[in-house]
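The values are calculated or read from the model by the stated rules, or taken from the named source; none is laboratory data. These numbers come from a predicted model, not from an experiment. Cβ placement follows ideal geometry from the backbone for every residue including glycine, while neighbour counts extend to all protein chains displayed.
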Amino acid sequence: MIPVFAIGCLVLLLLFVLYGFGIIIQKPKRKDEIDLIPCDICRRSYTKDQLAEREVGDSRVLYFCRECIQSLSDQMRAR
């Protein structure tokens with residue numbers, strides 16, 4: 001009974017250690033990557049002040065860059 005309990009504790013300890021190393025080894029985000037948001041059409045990253053927001057429903061917010069908005073506008077005018 002004791003060896004099974006000891007093996008279980010060692011396995012649990014090993015899992016905690018590996019999880020801790022995973023957190024430590026994670027690459028922290030650079031300052032310029034923290035505030036970047038991708039455009040929902042072209043997926044290029046921009047700062048929030050460079051994007052237009054559009055709320056859909058209660059919780060979904062879509063972000064569009066200037067180039068995508070201009071492209072959509074040009075396509076609508078061509079019709």
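Take the residues of segment 60-79 that are aliphatic (A, V, I, L, M) and part of a strand (DSSP E or B): which is surrounded by the most Cβ atoms within 10 Å (Cβ to Cβ)?
62
Which one of the conditions (1) modelled with pLDDT of 85 or more; (2) not in a helix (DSSP H, G or I) does residue 28 fail to meet, given that it meets all the rest?
For residue 28, the failing item is (1).
Residues of segment 35-73 being in contact with a Leu (Cβ under 6 Å, 6 or more places away or on another chain) and small (Gly, Ala, Ser), which ones?
Answer for segment 35-73, where residues must be in contact with a Leu (Cβ under 6 Å, 6 or more places away or on another chain) and small (Gly, Ala, Ser): just 45.
Please go through segment 31-43 and pick out each residue that is surrounded by 12 or more Cβ atoms within 10 Å (Cβ to Cβ) and at pLDDT 85 or above.
Within segment 31-43, the first condition is being surrounded by 12 or more Cβ atoms within 10 Å (Cβ to Cβ), and the residues that meet it are 35-42.
Scanning segment 31-43 gives 36, 37, 38, 39, 40, 41, 42.
In segment 44-59, which residues are surrounded by 10 or more Cβ atoms within 10 Å (Cβ to Cβ) and either of a type in the set (Ser, Thr, Tyr) or at pLDDT 90 or above (or both)?
Of segment 44-59, the ones surrounded by 10 or more Cβ atoms within 10 Å (Cβ to Cβ) are 44-48, 50-54.
Result: 44, 45, 46, 47, 50, 51, 52, 53, 54.
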